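No lab work stands behind these numbers, since they all come straight from the coordinates. Since the model is a prediction, treat every value here as computed from it, not as a measurement. FYI the Cβ positions are ideal-geometry reconstructions off the backbone, even for glycines, and counts take in every protein chain you see.
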Amino acid sequence: MEDKKQGADSNSKKGISRRSFIRGAGLSTAGSVLLTTNAFAFGSEEKLTAGKEFGPGATTIQMKINGMVESLSVEPRTTLAAALRDHLELTGTKVVCDRGSCSACTVYLDGKPVNSCMMSVFDVGDKEITTIEGIAKNGELHPVQEAFIEHDASQCGYCTPGMVMSCVHLVENNTNPTLDDVKNATRGNLCRCGTHPHVFKATLAAANKTN
Amino acid sequence: MDTRKEKFPYGIPGHNLSEIEREIPIEEPPVWPINDKLKIIGKRVNRIDAVDKVTGKAKYTSDMKLPGMLYAKMLRSKVPHAAIKSIDISEAKSLAGVHAIYLIENTQKEGEEKNNGKFPMVKYVGQPLGGVAADSLEIAKDAISLIKVNYEEKPFVIDLEAAMEMDAPIVFDVPITRQADGGDVGEVHDGSKGQGNVRGPSTSSFFGGPRGDLEQGFNEADIIVEKTYRTQVQTHMPLETHGVVVDWRPDMMMVYASTQNTNAVRNEMASIFGLPKSKVRVVCDFMGGGFGAKHSAGSFGPMAANLSKKTGRPVWLMMDRQEEHIAEGNRPNSIQYLKIGAKKNGTLTAIQQRSHGTAGVGLGAGVGRIAQVLYPCPNFATEQYDVLTNAGPGAAWRAPGNVQGAFGLEQAIDEMAEKLNMDPLKYRDLIDKSEVRKIERQRGAKLFNWSRRQPAGSGKGLVKKGLGVGQSTWPRFVTLDSSVEVKIHNDGGVEIRSSVQDIGTGTKTILAQVVAEELGLQVNDITVNIGDTFFPVGPGSGGSVVTGSITPPTRNAAFEAKTALLKLVAKKWETDSSELFIENGQVGSKKDANLKMPFKEATKLMRTSQISKIASRSDDYGGFQQPWGLAYGDLGSVQFAEVSVNTDTGFVKVDKIVAAHSCGRPLNIGQLESQINGGVIQGISYALYENRIMDTGTGHMMNANVDQYKVPYSMEIPEIETLIVEEYSALSSTDAYGIGEPANIATAAAVANAVYNAIGVRLHEIPITPSSILKALNKVS
Amino acid sequence: MNKFSWYEATSIEDALQQVNKTVSEELYQSTNNAAVFKSGGIDVFDWVKEGLINPQKIINIRNIPGLDVISYDAKDGLRIGSNVTLAEMASNSDIKNHYLALHQAINHAATPQLRNMSTLGGNIAQRNRCWYFRSADHQCFRKSGDRCFARHSETGENENHAIIDNGSCVSLHASSISTALMAFNASVVIVNSKGEKKKVLMDDFFVSAGQDIAMETILQAKEIITEIVLPAPSKNTKSYYIKQVARESYDWSLGDVAVVIETSGDTCKSASIVLGAAAPVPYRSVQAQQAMEKKSINNTNAMAAAEAAMSVARPLSKNGYKVPLFKSIISEAILKIT
């Protein structure tokens, strides 16, 4: 499959059935295609009725990431974090604790923040993944990202993608967050440089601006 | 020598600002006025690499992916003390996807134990024994689990006090010289003095040795405080672990490193592999935290290089979280005995300090210079002992030694104040001779509202409030071997180059600010390319040396480049270049206001495509250079803490911190706040949360992960107010210094003093936990 | 993680046909052909990452239809499907309105990210967090080893460990949500491969270490949790939950308590008081319950109940502080019922 990315239609509601999600092992190159209804004929009648076994070797699967469909060849033991970082070079997602305790690997699965280090890439199915690389749209930063810059809410920057993911999710789902709300949203995000006070300020400022 | 005299701002604005005349080298740039009169320096300027960070585009060492790259994993010892009889790699070798296995063999060096076999003796759990390179990290891990190490186990000792016993198992039966790597670990000794596992003592620092006569000092004292304080082992836990990607090509060893010191890693790799420095290139663009532990190539650097050499392919080798905790450095623990004498009027007559600490298999477990220099006292002596144990080696950790030392001293001073029936802040006014800390106490106390402080333990109710204060000092360290290249291109582009790295402190941004200020441009006009040993040598990021070391050369180089450019304009305008200046992106003339030329246009006058100037920095103005390249002086800080203690559950919460700091001329206010916040939060963590838990029966660290090695998350963060005191000392062309370490020193003591004020019982040991509070309150039977 | 194959189960029957081991069994006696369940996966992947289990196959039960429903009925009570996430429970208004202590317990559990992943079934079936048990370098009783490292009076690092029922293992059950569930007299609905369904009270679902050192629940390999059901509380039932941690943001419990009291005026008609992080499994404090029954809810009686609860405590070398800590949170939780 040709590795080309084009403008994404992230609003596409058409899902990928589990069968088309998991393609035959013959396709081994990683690639991505535009997520449109024309690319695949996804029929709801194709839903699986019996269980299927994959692996332990590599299987080529497709995932919806940041509005694109990506093909990649992975083993069931490959975590989503490893798939993003090592197979798709989406290295904004960081692995810090590798046990779900630091949230540096936060991505959204159908809009919900999850730890990509604690799930198999086979857990994703036809859910849509959003990574830190998908937060800015068409080169335009999200207000939370703008505010992080304005309020110096990153030091070494290694926790920053995870922090941004937690804070963007908050601001998108709570139009008027309080300081406690921001603390709640980032309670799982480890930062060793101690940037939290600026993260709090930035997120509250972004929420104010968004309103 | 060609010099000139200039008048510099001197002192603290709003307090005692004056001028001082200094004789400076003739080529140094003109005096900068105080920040109020500058455009870009001392302002809030956005971090220039912030967009990369918030979008996930910033590439760290761990993010590197090179064509053909292999993933490596280290083999580590599972036992704390042993000789290795054999290592069986046969199964691992035949695993599909494994490309190379490298085992560390014994190279008997002078001073090492003689009874070694083919492999080095194992001295702690986690000691590196070898490594595997494979197609994927998972395969490398599979291969490691297939390697069988046959140990001949020996008795071991983990606990500091147990190791001090005369009949304790001996960790090394020879003198050792291994220092905690990097940073400033204070005065060192050769590890040959002492008995058993107890080595030393170190009795002096670069501030000198013992002073006066202790016995006489204590005889003169009316009041004596004599206490023992204890601090725990703390591991660095940077978010990005230690590691490298090494691509050893035939003509060049390329090293991508997560490091605080590209230059040191380059020198180390060159020396280990017998390569000229010019054949090793170390690059660190983005770096995910170090806090003192990332100054060297470690064992992973040579391991990755050996695997790269064996396979002819680039090798990625990053530590996992457990390896990071057990083998990549820690702040040693301490047991500090302190005896302080004072007269009835409060005058200090004597300070005696004796400390023991363990940096595991390394040295460097002292408690710093705080007791020696924070308060003038005529009679002083310290003995700082290193105790060897079978645990991972210590490493520099943000203000090494001094954080431990401040926890003891600043509580003892509080205890003395109480015995004198004096307010602890007033007592410090009496005995502290630092002008900058005096101002910090005044301004800080006002901001914090210190006057609301009540007598210790006097609060009513279950949850008791307490207020406390702690102070610190940090020298103005400077690395004179610091150089920068500033290039002006003939399209108006301006570029800064140095091997100095930005470890998250914002070095890239302050360099851009300095050059923008000097060239009359905006920060956005400047491109910063640093963290590459192909560029002029910059300092390591340790000891808070970076700002003081690298900003003067940066300004100097920019000034030289500007001078060269203005000469071209002067020639065109047929005037003297000394009449010209650049402001708001325009070259102008002091004589003729009509003469204007945009900067970009001026750069087109060049005969060559660029002006390139490399500059270093002069000795400190005023002749304060020390033989070892360090400059003294006091970067003072005063921190105030407010805590709540639940006397039923023992739960302690820090509610508020006011942190008053000096760092010479402040360069970037936002970044300074960030670093002060970080120092404070790490200090709170040290006081209340983090603690390396070792099972002394097996030698393993039990909480070598993120969830049980506890550090603060969002809800533990108090309100933090920073107070930055501008202070001009006329020592260099920027007169600016770092803040990283000063920010971390006083916090734990301030918190401990506040806890005492809340409950009326003093805790002499950290971390302060629900358990220790309930014990202190006699609630545990 | 070791190489494993992935089985995407589509129904309960399908899943039960594939499975051959519980994670607990595999931890106790490791084999090379284990096929284990995973739902949210947090606990299972933890074990695989540590190399403590090396399953040949992981059966994903997360997408089995029908297990992700919460329903509430004023008469029949609350039913929560085993694949319901903690986040879904946290935002459920029926839980908040009728089972306050459960709502509070969920809000103190884990992180927002983990709550989006963790399922209730996995949460109650997860294994304890004793750091010796979780360490590949320490073969303790729970892993068919020959000792308890944590208990050792000199070298045992047991500051976080059990103070009650700690005779054979001193670990703590990791699910603080179970503390609240048990206090509401919740039952676990389990289906086996023969299609038989049983409903087991939480009190009987957990297995004490003395009963079976390998297991923490009665769950067998060929069994699957389908839902957790809570009886409807009476109109006068009130509840409260307190979890004491060292770090509020995100931490394992030092001690937690759920109190469910049926009141009559300011008198306690009946009390259900369960302690978390006190014993190897959630611990129903019969002593505290008895102390409160038919008593008015006041400071003296609450303190007496807390004292009674702690009368059975036998702290280890480093966790004596838990006794006053528990006394404090038990009495406080009782007093919140007014």
With a ≥ b ≥ c from the Cα gyration tensor eigenvalues, square-rooted, and the rule rounded for a/c under 1.5, otherwise prolate when a/b > b/c and oblate otherwise, region B:113-162 is prolate
Output ³J(HN,Hα) for region B:740-745: one whole-Hz value per residue in order, computed from phi by the Karplus curve 6.51 cos²θ - 1.76 cosθ + 1.60 with θ = phi - 60°, and x for Gly and Pro.
x, 7, x, 5, 9, 7
Applying the span-like rule to chain B (DSSP H, Cα extent along axis at least 30 Å, Kyte-Doolittle mean at least 0.0) gives B:546-573
Net charge around B:Asp88, counting only other residues with Cβ within less than 14 Å of its Cβ (Lys, Arg = +1; Asp, Glu = -1)?
+3
Taking placed amide H atoms and a strict 5 Å upper bound, the residues 5 or more places from B:Gln127 or on another chain that come that close are B:Ser77
Once amide H atoms are built 1.01 Å from N in the peptide plane, which residues 5 or more positions from B:Asp655, or in another chain, come under 5 Å H to H?
B:Glu642, B:Val643, B:Ser644
Per residue of chain C, what 222 nm ellipticity follows from adding -39500 (n - 2.57) for every DSSP H run with n ≥ 4, rounded to the nearest 500?
-7500 deg cm²/dmol
Zone of B:Asn421's modelled label, taken as backbone nitrogen in region B:450-475 under 17 Å from a point 7 Å along Cα→Cβ
B:455-456
Candidate cut points under trypsin sites (Lys or Arg not before Pro) in region B:558-649, DSSP loop plus at most 10 other Cβ atoms within 10 Å of their own Cβ, are B:Arg607
Cross-link reach from B:Lys309 to lysines, straight Cα distance under 26 Å and at least 8 residues apart if same chain, gives B:Lys59, B:Lys65, B:Lys73, B:Lys93, B:Lys109, B:Lys118, B:Lys141, B:Lys148, B:Lys277, B:Lys279, B:Lys294
For the pairs B:Lys419/B:Lys779; C:Lys143/C:Lys199; C:Lys49/C:Lys318; B:Lys227/B:Lys344; B:Lys5/B:Lys567, note any where the Cα-Cα span goes beyond 21 Å.
B:Lys419/B:Lys779; C:Lys143/C:Lys199; C:Lys49/C:Lys318; B:Lys5/B:Lys567
Work through the residues other than B:Ala704 whose Cβ is under 15 Å from its Cβ and net out their charges, Lys, Arg +1 and Asp, Glu -1.
-3
What aspartates and glutamates does B:Lys39 reach when the alpha-carbon gap must be under 17 Å and sequence neighbours fewer than 8 apart in one chain are set aside?
B:Glu517, B:Glu518, B:Asp525, B:Glu583, B:Glu726, B:Asp735
Under 1.5 on a/c is rounded, so check that first for chain C, then, if it is not, pick prolate when a/b is larger than b/c and oblate when it is not; a ≥ b ≥ c are the square roots of the alpha carbon gyration tensor eigenvalues.
oblate
What is the distance in Å between the Cα centres of region B:496-553 and region B:37-87?
19 Å
Under 5 Å between amide hydrogens, which residues at least 5 positions from B:Val282 or on another chain qualify, with H placed 1.01 Å from N in the peptide plane?
B:Val255, B:Thr533, B:Phe534
Given only helices, namely DSSP H runs of n ≥ 4 each adding -39500 (n - 2.57), what is the per-residue ellipticity at 222 nm of chain B, to the nearest 500 deg cm²/dmol?
-7500 deg cm²/dmol
Classify chain B as rounded, prolate or oblate from the Cα gyration tensor: take a ≥ b ≥ c as the square roots of its eigenvalues, call it rounded if a/c is under 1.5, otherwise prolate when a/b beats b/c and oblate if not.
oblate
Whichever lysines have a C-alpha closer than 24 Å to that of C:Lys194, once near sequence neighbours (fewer than 8 apart) are set aside:
A:Lys52, C:Lys21, C:Lys38, C:Lys57, C:Lys222
From phi via Karplus (6.51, -1.76, 1.60), per-residue ³J(HN,Hα) for region C:147-161 in Hz, x at Gly/Pro:
7, 10, 5, 5, 6, 3, 5, 9, 9, x, 8, 10, 4, 9, 8
Chain C: relative contact order as a whole-number percent, Cα under 8 Å and 6+ apart:
17 percent
In what sequence do B:Ser472, B:Ser549 fall when counting other Cβ within 10 Å, fewest first?
B:Ser549, B:Ser472
Relative contact order, percent, of chain B when contacts are C-alpha pairs under 8 Å separated by at least 6 residues?
16 percent
Would you tally the net charge around C:Met310, using a Cβ to Cβ cut-off of less than 15 Å, leaving C:Met310 out, and scoring K and R as +1, D and E as -1?
0
